[in-house]
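> Here's a structure for you.
Every number here is computed from the coordinates shown, using simple stated rules; none is lab data. What you see is a predicted model, and the numbers here were worked out from it, not measured in a lab. Cβ: placed from backbone, ideal geometry, glycine included. Neighbour counts: every protein chain shown.
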């Protein structure tokens, strides 16, 4: 699934809120950091972009989708 399909999926009426979390991931000074978290990918992206606008030299580059209760992501969505 690509990022556009994921955004469409979370906007559908049958989307189950709370089954997954989305984490906005960035690089700054050689370190990988989480800059946003949301129950919907569109919110996660919105907040990550807001954060990235405020911090110089940060590179917001992907969103990880993680099933609640798990430790590893099940999907990664690259940000262009």
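> In the stretch 38-75, which residues are out of contact with any strand residue (DSSP E or B) (no Cβ under 6 Å at 6 or more places or on another chain) and in a helix (DSSP H, G or I)?
Those that are out of contact with any strand residue (DSSP E or B) (no Cβ under 6 Å at 6 or more places or on another chain) and in a helix (DSSP H, G or I): 42, 43, 45, 46, 49, 50, 53, 54.
> I would also like to ask the following. In this structure, does residue 18 turn out to be without any contact (Cβ under 8 Å) to a residue 60 or more places away in the chain and either surrounded by fewer than 16 Cβ atoms within 10 Å (Cβ to Cβ) or more than 17 Å from residue 4 (Cα to Cα) (or both)?
Yes: the conditions hold for residue 18.
> Right, another one. Determine if the stretch 32-46 includes at least one residue that is farther than 12 Å from residue 22 by Cα and buried (at least 16 other Cβ atoms within 10 Å of the Cβ).
For the stretch 32-46, residues farther than 12 Å from residue 22 by Cα and buried (at least 16 other Cβ atoms within 10 Å of the Cβ): absent.
> Looking at the stretch 2-10, is at least one residue surrounded by 17 or more Cβ atoms within 10 Å (Cβ to Cβ) and free of Cβ contacts under 8 Å to residues at least 60 places away in the same chain?
Scanning the stretch 2-10 turns up at least one residue that is surrounded by 17 or more Cβ atoms within 10 Å (Cβ to Cβ) and free of Cβ contacts under 8 Å to residues at least 60 places away in the same chain.
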